[in-house]
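S.K.: Would you mind keeping the following structure in view while I ask a few things?
The values are calculated or read from the model by the stated rules, or taken from the named source; none is laboratory data. Computed from a prediction, not measured in an experiment: that's the story for all the values here. Note that we place each Cβ from the backbone using ideal geometry, even for glycine, and neighbour counts take in every protein chain shown. All accessible areas refer to the heavy atoms of the entire protein, side chains included, with ligands and DNA or RNA removed. Shrake-Rupley method; radii C 1.70, N 1.55, O 1.52, S 1.80 Å.
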Amino acid sequence: MRYEEFYQRSIEQPEAFWAEQAQRIHWHTPPERILDVSRPPFRRWFVGGTTNLCYNAVDRHLPARGGQLALVAISSETGITRELSYRDLYREVNTFAAVLTSLGVVSGDRVVIYLPNIAEAVFAMLACARIGAIHSVVFGGFAAHNLALRIDDAEPALLIAADAGMRGGKVIPYKPLVDAALEEAKRPPPRVLMIDRGLDPQMTRVAGRDLDYASLRASYEGAEVPVEWLESNEPSYLLYTSGTTGKPKGIQRDVGGYAVAMAMSIETIFDIKPGQVMFSTSDVGWAVGHSYNVYAPLIGGATSLLYEGLPAHPDPGIWWRLCERYGVRSMFSSPTAIRVLKKQDASWLKKYDLSRLKWLFLAGEPLDEPTAHWATDGLGVPVIDNYWQTETGWPAITLMPGLDLKQVKFGSPGFPSPGYRMKVIDEVTGEELPPNQKGVLVFVPPLPPGCLTTVWRNDERYVASYFSHFKELLYSSLDWAIRDENGYTTILGRTDDVINVAGHRLGTREIEESVAMHPACAEAAVIGMQDEVKWQVPVVFATLRQGVTEGSVDVAKGMQQCVVDQLGKIARPARIYVVNALPKTRSGKLLRRSLQALVHHADPGDLSTLDDPGALEEVRRALERGP
Ligand code: ATP
Ligand code: MG
């Protein structure tokens, strides 16, 4: 089917459209009503229908594909690969669910999962879903304080954790972080279920509180746990946003709407049919990991690859080797990860047989054109940029190769996904802007299935954060965007990050893109610095590609020229600092507000999601040295 037809129907006849899409999943009892919008901006999809995410992801496939691979968990850190068929997955999930039940976890309880990217994380999530417990996965390796904050917000009945994770060959003990978090938390859960990988021989246990999963698993192996049928709008899980702009929000997802969005998007966007192979390089701790490592590929009867490790360790060919070995059809990663690989020799992309690879999807951050070209040329497959948020749960702007592929326009993720009514509006007047004018990207409610239903136990924050920026009731993406006359939307950066140079509004992204045109540039971050004359001027922080021999003064000059050539004199960066690393969140997003704070000697706010404090130190030194 053509995208236009599909999309138009979702907008003009939303109930009929989603009623059809709902056929993709199993309902224990069918919905009584497709959509309830009696309390805007809230909305309820598939009211009265009962279903279960675990049943749809696992049980349903047993008759037709019990022996097919469901999950392949690869660790380039430990060197261990685990291949699980749907039947194996069924056994592991049931055993895990039986252990949870034995510990008194019941439907509606929250369970915080603090694990590395290993198979047990998937078992734990699906086991929770099976019994109706609400999981909240916290990215493994987040500091104790981050974990404590999320525990206090979610108030879990149980914490599931591992002894350690690994990164670049180094063991990173988690247990001391768990102990510290439980010390700090105001309402710590009474029990911790430990997945002991045997990585940390020094690990200590608190008697009576810390339980060992391996021994419990042995007692419940082979147990079967009945599925808890949940009303479509009951909460399935909580997931906290990345915290790029401030304190993370506890995004709440439903059951039925999410299941339908997953079932539809895996086929129509990611072009994956039952039996085909999807490789998402995300960690399960992020929104992409929830949706495209766990729920969507499994609901869709596909094979999902899960990867623990770095993109270029043990060598930059590791991901392409996996693509060859498992016959990956659709790969999903982030621009950040591809930029890491881009620093390495491009011949790594040519070493393996990638004839079954059809698409590389990238999401999470603006995809700069040089990176997109590098990957497209190197892999010989289209690179599909996807725009989404933790809140949306699935791509909001994308091309849909599973339906038909529209022409890729570099720099733009494409068109709205089914069910998303979008506008680019004037920040002040709230009026919709004509094509090619910059404004705020908003979604007209009701939000489609799969998007957040509220902020956990905080309906007020849901309304205040997203729906109270304009006179009209609109969901603000808080992103700055532009739409061309053909309907391609480009994201220009966050509304907070827009730089106003003498009355000209420039997205951070536009300037970053032009800096990245310089052949020596690996990655760039741009912020606005206060200026007496122009109000704000752009300041650039850039990292260089490996093997660049040019001096940094020349590189900086060249970058400045790139910006002037692309965007005009108005955008000329006032300063360019060449650094070895840029400050990022644990999910790989540039933390521009931390750069902003350093430049202005201001308080950087919550830095708990910062990945490498060394990067910030480095920037501080660069500022002291001068550009
Ligand atoms: P917080 O909301 O806590 O500040 P966050 O916004 O970084 O954190 P996420 O939900 O992980 O948390 O990130 C969503 C944001 O990432 C989007 O709002 C957008 O700014 C950016 N983004 C995601 N995908 C793309 C893309 N393809 N192109 C440009 N920007 C993107
Ligand atoms: Mg956000």
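S.K.: Give me the Kirkwood hydrodynamic radius of segment 397-466, using the inverse of the mean 1/r over all pairs of distinct Cα atoms, in Å to one decimal. Walk me through the numbers on the way to the answer.
M.R.: On the way: mean 1/r = 0.0694 Å⁻¹.
By the Kirkwood definition, the hydrodynamic radius is 14.4 Å.
S.K.: For segment 1-74, which semi-axes, largest first and in whole Å, follow from the square roots of 5 times the eigenvalues of its Cα gyration tensor?
M.R.: Listed largest to smallest, the semi-axes of segment 1-74 are 29, 18, 12 Å.
S.K.: Which percent of Cα pairs goes in each bin when the distances of segment 245-333 are cut into 5 angstrom slices starting at zero?
M.R.: 3, 14, 23, 22, 17, 11, 7, 4, 0
S.K.: May I pose another question? Separation between the I172 and D152 pseudo-spin-labels, each 7 Å from Cα along Cα→Cβ, expressed in nm?
M.R.: 2.3
S.K.: May I pose another question? So what is the accessible area of segment 249-406 per residue, in Å², with the probe set to 1.4 Å?
M.R.: Result: 24 Å² of accessible area for each residue.
S.K.: How about K438: which lysines have a C-alpha closer than 21 Å to its C-alpha, ignoring those fewer than 8 places off in the same chain?
M.R.: Answer for K438, where 21 Å is the Cα cut-off: K409, K423, K471, K534, K569, listed by chain and number.
S.K.: Along each principal axis of its Cα atoms, how long is segment 1-129 end to end? Whole angstroms, biggest number first, please.
M.R.: Here the spans come out as 51, 39, 30 Å, largest first.
S.K.: Still on this structure, I have one more. Would you kindly state how much longer the chain becomes between H313 and E369 on full extension, computed as 0.36 nm times their sequence separation minus their alpha carbon distance, in nm to one decimal?
M.R.: 17.6 nm
S.K.: Using 0.36 nm per residue, how much length does the chain from N458 to R9 gain when fully extended, once their Cα-Cα distance is taken away?
M.R.: Roughly 158.3 nm would be gained on extension.
S.K.: Now, a different point. Let's see if you can work this out: charge +1 on each Lys and Arg Cβ, -1 on each Asp and Glu Cβ, no other charges. What is the dipole magnitude of segment 379-530 about its Cα centre, in debye to the nearest 20?
M.R.: It comes to approximately 200 debye.
S.K.: Follow-up question, since we're still on this one. Using alpha carbon coordinates only, what is the Rg to Rh ratio of the chain, with Rh defined as the Kirkwood radius?
M.R.: My calculation of the ratio gives 0.95.
S.K.: Step through the residues of segment 131-144 one at a time and calculate ³J(HN,Hα) from phi using the Karplus curve (6.51 cos²θ - 1.76 cosθ + 1.60, θ = phi - 60°), rounding each to whole Hz and writing x for Gly and Pro.
M.R.: Result, ordered by residue: 9, x, 7, 9, 8, 9, 7, 10, 3, x, x, 4, 5, 3 Hz.
S.K.: Assign one of three labels to segment 407-531, namely rounded, prolate or oblate, based on the Cα gyration tensor with a ≥ b ≥ c the square roots of its eigenvalues; rounded applies when a/c is under 1.5, prolate when it is not and a/b is larger than b/c, and oblate otherwise.
M.R.: prolate
S.K.: Take every Cα pair under 8 Å in the chain that's 6+ residues apart, average their separations, divide by the length, and report that relative contact order as a whole percent.
M.R.: 12
S.K.: Please report, in debye to the nearest 20, how large the charge dipole of segment 1-100 is about its Cα centre when each Lys and Arg carries +1 at its beta carbon and each Asp and Glu carries -1 there.
M.R.: On the way: 12 positive and 12 negative charges, 33 e Å.
The calculated dipole for segment 1-100 is roughly 160 debye.
S.K.: Can you list the residues of segment 566-586 with backbone N under 16 Å from a point 7 Å past the Cα of Q546, pointing along Cα to Cβ?
M.R.: 580-581
S.K.: Just to confirm a number: summing +1 for Lys and Arg and -1 for Asp and Glu over residues other than V444 whose beta-carbon lies under 9 angstrom from that of V444, what do you get?
M.R.: Within the 9 Å Cβ shell, the charges total +1.
S.K.: Right, next: Using helices alone, I'd like the mean residue ellipticity at 222 nm for the chain: each DSSP H run of four-plus residues gives -39500 (n - 2.57), total over residue count, nearest 500. It would help to have the intermediate numbers written out before the result.
M.R.: Working: 19 runs with 185 residues, N = 627.
That comes out to -8500 deg cm²/dmol.
S.K.: Further question: E83 to A180: FRET efficiency via 1/(1 + (r/R0)^6), r the Cβ-Cβ distance, R0 45 Å, to the nearest 0.05?
M.R.: Values: r = 36 Å, r/R0 = 0.79.
Calculated transfer efficiency: 0.80.
S.K.: So if I restrict to the alpha-carbon atoms in segment 242-296, what is the Rg, and what is Dmax, the biggest pairwise distance, in Å?
M.R.: 12.9, 41
S.K.: Any idea what the dipole of segment 304-442 comes to, in debye rounded to 20, about its Cα centre with Lys/Arg Cβ at +1 and Asp/Glu Cβ at -1?
M.R.: Dipole about the Cα centre, nearest 20: 540 debye.
S.K.: Calculate log10 I(q)/I(0) of segment 192-270 for q = 0.18, 0.19, 0.24 Å⁻¹, where I(q) comes from the Debye formula with a single equal point scatterer on each Cα and nothing for solvent.
M.R.: -1.03, -1.02, -1.03
S.K.: Here is a further query. Report D for segment 336-484 in µm² per second (integer): Stokes-Einstein, Kirkwood Rh on Cα pairs, 37 °C, 0.692 mPa s. Let's see the in-between values first.
M.R.: Values: Rh = 17.2 Å.
Once the numbers are plugged in, D ends up at 191 µm²/s.
S.K.: Compute the orientation-averaged projected area for segment 502-589 from the convex hull of its Cα atoms and round it to one decimal in nm².
M.R.: If you wrap the Cα atoms of segment 502-589 in a convex hull and average its projections, you get 5.9 nm².
S.K.: Please work out how much length the chain gains when fully extended from E485 to R572, using 0.36 nm per residue of separation minus the C-alpha to C-alpha distance, in nm with one decimal.
M.R.: So the extension gain works out to 28.6 nm.
S.K.: While we're on this one: Taking the alpha-carbon centroid of each part, what is the distance from segment 390-450 to segment 362-385 in angstrom?
M.R.: Here the answer is 19 Å between Cα centres.
S.K.: Apply the Karplus parameterisation 6.51 cos²θ - 1.76 cosθ + 1.60, with θ equal to phi minus 60°, to every residue of segment 479-487 and state each ³J(HN,Hα) to the nearest whole Hz, in sequence, with x for glycine and proline.
M.R.: For segment 479-487, the Karplus-derived couplings read 10, 9, 8, 9, 10, 8, 5, 8, x Hz, x marking Gly and Pro.
S.K.: Which entries of K175/K247; K342/K406; K273/K358 have Cα-Cα distances beyond 18 Å here?
M.R.: K175/K247; K342/K406
S.K.: Based on the Cβ-Cβ distance from K557 to K343, what FRET efficiency comes out when R0 is 25 Å, to the nearest 0.05?
M.R.: On the way: r = 22 Å, r/R0 = 0.88.
Efficiency, from the Cβ-Cβ distance: 0.70.
S.K.: So what is the accessible area of segment 90-137 per residue, in Å², with the probe set to 1.4 Å?
M.R.: 16
S.K.: May I ask you to give the percent of accessible area on the chain that is carbon plus sulfur, with a probe radius of 1.4 Å? Show your work: numbers first, answer last.
M.R.: Numbers: 11450 of 23010 Å².
Of all accessible area on the chain, carbon and sulfur atoms account for 50 percent.
S.K.: Considering the options V408, L149, Y240, tell which one lies farthest towards the positive end of the dipole of the chain, charges being +1 on Lys and Arg and -1 on Asp and Glu at the Cβ, about the Cα centre.
M.R.: My answer, from the dipole projection, is V408.
S.K.: 5 Å is the cut-off here: which amide hydrogens, built 1.01 Å from N in the peptide plane, fall below it relative to D210, excluding neighbours closer than 5 in sequence?
M.R.: Amide H neighbours of D210: V192.
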